[in-house]
Amino acid sequence: MTRAATSPLPSALKSALDDNHEEDDYMSMTIAEPTKPIEKETYTARRIRKQREVEARSRPKSKAELAAAAERERDIALSTALPSTSKGFQMMAKLGFKPGSALGATTNPHARTELLGVVVKEDRGGVGMENEKKRKFREEAAAVAGLEKKQKAEEGDYRERVAREREEKRIEGLCWGATRVLEGLEAPGEGANVPVRKVNVLWRGLVKEREENEKERRARYDLLQSLSKNASYADEDEQDRQALGREEEVVDEEDEELDAFKALEGKEKLRRLVEYLREKHFYCFWCKCKYEDESMEGCPGVDEDDHD
Amino acid sequence: MDRRSDSQEHGRSKRRKTADMDSRTDPLLADMKEAPPESPESSDDEGGVKLEGYYDRPATPTQGKRVKQEKKNVIVIPETLQGHDRFGSSSKKRQREEEEHDSKPNPYLAHQDEKSTKEESDPKSNPYLAHMYEEEEVEEQGYNGYSNGYGKALNRTNGISKASTWARFPRHKTTAAMAKKAEDGPNNPFSGKPLSSQYFNILRTRRNLPVHQQRDEFLGLYQKSQFLVFVGETGSGKTTQIPQFILFDDKPHIQHKLVACTQPRRVAAMSVAQRVANEMDVNLGDEVGYSIRFEDVTSQKTILKYMTDGMLLREAMHDNNLQRYSTIILDEAHERTLATDTLMGLLKEVAQRRPDLKIVIMSATLDAQRFQSYFNDAPLLAVPGRTHPVQIFYTPEPERDYVEASIRTVLQIHAGEPEGDILLFLTGEEEIEDACRKINLEADELVREADAGPLKVYPLYGTLPPQQQQRIFDPAPAPRKPGGAPGRKCIVSTNIAETSLTIDGIVYVVDPGFSKQKVYNPRIRVESLIVSPISKASAQQRAGRAGRTRPGKCFRLYTEAAFKKELNETTYPEFLRSNISSTVLDLKKVGIDDLVHFDLMDPPPPETLIRALEELNYLACLDDDGNLTHLGKLASEFPLDPTLAVMLISSPEFYCSNEILSLTALLSVPQIFVRPASARKRADEMKALFAHPDGDHLTMLNVYHAFKSAEAQANPKQWCHDHFLSLRALQSADSVRQQLRQIMEREELELVSAPFEHKDYYTNIRRALVAGFFMQVAKKEGSSKTYVTVKDNQNVLLHPSTVLQQESEWLLYNEFVLTTKNYLRTVTSVKAEWLLDIAPTYYDITTFGKGEVKNSLQRTINKIRRKEATKGPGRPKTNAH
């Protein structure tokens, strides 16, 4: 349309040109689908159709249908305002009536512009029953709607939740890895020689877990053994065990420090581990290598993101 | 004209031939004969008294002036002198009569004598000529009643000179003490006769009424303001006492004026007038009278007139300033009827033209501020009613079925509450009769099984015969054995027991919260009574009914929350719920031209007025500019709906004005057919005897003709009973017919009939019906039983009560009843040709939207054209309309 924009032609001529242009636009011309040739209705077919139509028309409508039709007509009529072509309206207009205004003294605040509604009572429900019904219906509807909404909300959350869970799992994994690294750095080859309580809280969980696993394994083994030589093992008491140097971890014992650490969020746990590794061992968990000194030259930064 | 006289001749000659028809037609034809085209004076003579309301002469300017002069004189000269001096001669005659009365021991009889002789001999009793004598008469009466202070009074033996009585009453400066003294007698201050002992009995109770305590306060406000709003709850005595208070202060008898007190209901106007006549120790129709539609019981003596608000409005048509009244009291204004609201708007205007006119608005509810502000901040006086506290109970849950719940509640009260009668409010006749039956059955069981006392159940609704209505005042039944459980009565009533009727002894009120209320919608032009929730004000009124005699209880069959949330504060005024075309016609006649800005308290929605004006225009009562046409003026003379009035006025053109007159009367009274639940089949069989295949209107006419036959008139009561007809309705139709006939004669509308045997006898009547009811026509829809209303396109069914046998394509209806189904009631079959011929403007084919109605009309037009064409060229075509 640049032509139209720059053209100094008078608008009438311009539009004429445009019209021409449109007429000549072969490119956008749609070619009608070739319509099927109308099949000639056979006499029988027409007769049957006619008969059906007559039957449909002559079939006495059921009372319900009639009532519904009457009500529909009534509602239509009740919601249609009288036309301003009415002679009554014209008479009033001559007296200065304007549509939308009320009759009577202009100062009268009670003058109505709208008609009162016509409500036909259809049953013997008491005052308030109708609204009670409506209220119940609304409540039920609301309950159903609420349920749906909840489901929808959950649906919407799902992806988020899954992503979050996956992230948590990943971080958990990283934490475990960092803990293993730390354990390796701090207690290479050491096993259960150090009492769990004395182990650095950062990797104490690992030790504790291992011990618990061991205990469970032993318990299972014991259980299996007990079938045959239960008695001998049962006789082994606290002192025997101490003597045997197999100091038992009291698993149930409270370990507030560890609990506090465990209660931390995965990210925080990881941050602490990574920081500890850097400070104590000049080890960057992300670079997966130990540096010479605390300057840690070559490591791009503290965060995972720095190592992308 | 030729044709008419021909057919009349024809009728006379053939009449005796068909014997069995004779009995039906006879009364009518007799009627026709007995109404010869005499001069209007003579024909008016017999009924003029009753119809005084319609005969009100417009106040001539000279008359008005004279009255004013007299009013000025009042202050200077004792009024009593004027009458005596000016009308001395006629007073003498009256004086003689009075002396005679004095000698007679029975003043009541004497009075009757006087009346009869007077009416026979005195040309002044001719109401048609009354305007010529009005002042004399009043003066005379003043003399007769109260002003014989000079000369002749010396002959009297009674102690107090009435002249001095009234001379000591400076108008609008009196006090309660002064009035009290006059009331104490010994002679009646108004009629001059000695007061009876019954009077003093009543006087004692009157002085105990709450309003009496505030008589001085009332007088003070009344005297200093043109408008006064008076609020008194039911039982305060306002309706009976306030007008009397005013009589003593306003002295209408001296002013040659009247005090009017309007009532929304005819029954109330009649019964209150009777009561006040007793209180004042005068005969009803003398000093105190009433005037209702089709009945006027007043005389030249009347100084206090109870009347329906509609009657005062009719009077205003001929006397735009209401000159004959010095004070107008609008009672029960809270009911906000069409006529009350119209009158209020009118009086607001009249008051400006007549500063001497005093207006008192009386209301029973406390929303009086609206009245106050509407009447230019009029002063307000409120008098507490004498009522006892009423405990109100609500249901915890909404009721599933309010009728069942009502019955249950009544029985629970009967079984468990102490002595006291029950009043149950239901909505309509059928529901009430049904409930009465059920309560009776259940109560019998209760008596047998639970040793409850006897329970008497009485229905109460408007169409109930009066003697049955009276039964509600029967005392409650006695216990079955001495010392047994007390008996009680239970009244099951429509909302007429809410305000208009007071039944003593009611202690328990059961209020399901519904009443039948009129609704009108101009869009589908339906005016119908439908069951709707009542207003808070109504609910309070109903509850108040329980506290008339002692503290009571009101059981509301809805929750308190529903009361607060679902009920409107007040019932909508009738103006918002009615077809106002009749009122619009009245207002036009009263001289209100700018209906758009007419200051009504609650102006109707504009569409209601649009429709009313349009209808009146189609009826040719208003021209296109909204001015009253000749037909409109004529129609407003009839106390009828414009539709009926126009039909009646045009009926002579169809040679059936006698028949249409009867039909109009029949349509103006309650249902003439009785169909008791116990004998429905028999009632229907009896109705079939009168049935005319062309519809209900003609059937009603047959009934009326049969009713007027010698056979029926021999024992009308038995005859009506045998034929399941309402004697009361037929009798009142008869009297309405009489009244309407007088108006027709006065307006020189001919009363004619075609001979009964003429093939067009019934066709003429049907055509005449179209002349009025052409806007109430429905067309059959295809082959189904439903009809569609013309122009409004509403699907409707015929009411099961119709006698219409053949399925007519077009019919006109009297009533569109809105229920869960839409019904047409009282229908008559008509022809499309008639519609096009008689109401060409309304049936202008170009104004119709596409549809079956238009097609059918078009076919008819084509048919007529073809017919015209075959008849030969040159004849005017029907579609030229």
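Along the axis of the charge dipole computed for segment B:441-482 (Cβ charges of +1 for Lys and Arg, -1 for Asp and Glu, origin at the Cα centre), the listed residues B:GLN467, B:ALA478, B:ALA452 are led at the positive end by B:GLN467.
Over 19 Å apart at the Cα level, from the set A:LYS134/B:LYS553; B:LYS780/B:LYS831; B:LYS681/B:LYS785; A:LYS61/B:LYS687, are A:LYS134/B:LYS553; B:LYS681/B:LYS785; A:LYS61/B:LYS687. With only the Cα atoms considered, segment B:306-370 has a convex hull volume of 85 Å³ per residue.
Remark: segment B:438-533 carries a charge dipole of roughly 300 debye about the Cα centre, counting +1 on each Lys and Arg Cβ and -1 on each Asp and Glu Cβ.
Would you mind pulling out the separation of the Cα centroids of segment B:411-488 and segment B:685-703, in Å? Comparing the Cα centres of segment B:411-488 and segment B:685-703, I get a distance of 37 Å. Using a simple spin-label model with pseudo-atoms 7 Å out from Cα toward Cβ, B:SER784 and B:PHE393 lie 4.8 nm apart. Around the amide H of B:VAL531, modelled in the peptide plane, lie the amide H atoms of A:LYS121, B:GLN517, all under 5 Å away and 5 or more residues distant in sequence or on another chain.
The largest-to-smallest principal axis extents of the Cα set in segment B:203-287 are 31, 31, 28 Å.
Give B:LYS180/B:LYS238; A:LYS121/B:LYS516; A:LYS136/B:LYS565; B:LYS358/B:LYS633 a once-over and call out the pairs whose C-alpha atoms are over 22 Å from each other.
On the way: B:LYS180/B:LYS238 17 Å; A:LYS121/B:LYS516 11 Å; A:LYS136/B:LYS565 17 Å; B:LYS358/B:LYS633 29 Å.
Beyond 22 Å: B:LYS358/B:LYS633.
Calculate I(q)/I(0) for segment B:289-428 by the Debye formula, one identical point scatterer on each C-alpha and no solvent, and give its log10 at q = 0.09 Å⁻¹ to two decimals. Ignoring solvent entirely, the Cα scatterers give -0.48.
What are the semi-axes of the equivalent ellipsoid of segment B:352-491, taken as the square roots of 5 times the eigenvalues of the Cα gyration tensor, listed largest first and rounded to whole Å?
Details: eigenvalues 333, 64, 59 Å².
Ellipsoid semi-axes (Å, largest first): 41, 18, 17.
Can you tally the net charge around B:HIS388? Count Lys and Arg as +1, Asp and Glu as -1, for every other residue whose Cβ sits under 14 Å from the Cβ of B:HIS388. Each step should come with its number before you reach the end.
Working: positive: B:ARG386, B:ARG545, B:ARG548, B:ARG550, B:LYS553; negative: B:GLU233, B:ASP504.
Net of charged neighbours comes to +3.
Computed 3J(HN,Hα) for segment B:457-468, one whole-Hz value per residue from the Karplus formula 6.51 cos²θ - 1.76 cosθ + 1.60 where θ = phi - 60°, is 10, 10, x, 8, 8, x, 8, 5, x, x, 5, 6, glycine and proline marked x. Taking a quarter of the surface of the Cα convex hull of segment B:578-722 gives a mean projected area of 12.1 nm². Which shape class, rounded, prolate or oblate, goes with segment A:104-170 when its Cα gyration tensor gives a ≥ b ≥ c as root eigenvalues, a/c under 1.5 marks rounded, and past that a/b bigger than b/c marks prolate? It comes out oblate by the Cα gyration axes.
For segment B:351-399, build the convex hull from the C-alpha positions and give me its volume per residue in Å³.
Values: hull volume 7.0 nm³, N = 49.
Each residue corresponds to 142 Å³ of Cα convex hull volume.
Electrostatic tally near A:LYS136: other residues with Cβ closer than 13 Å to its Cβ, Lys and Arg +1, Asp and Glu -1, net 0.
Please report, in cubic angstrom per residue, the volume enclosed by the convex hull of the alpha-carbon atoms of segment B:725-881. Before the final figure, lay out the partial values.
Working: hull volume 28.1 nm³, N = 157.
So the per-residue Cα hull volume is 179 Å³.
Extents of segment B:269-347, taken as max minus min of Cα coordinates on every principal axis and listed largest first, are 35, 26, 24 Å.
Every number in this text was worked out from the coordinates using simple rules, so none of it is lab data. The structure presented is a predicted model; accordingly, all values stated were derived computationally and were not measured. So basically every Cβ, Gly included, is an ideal-geometry build from the backbone, and we count neighbours across all protein chains shown.
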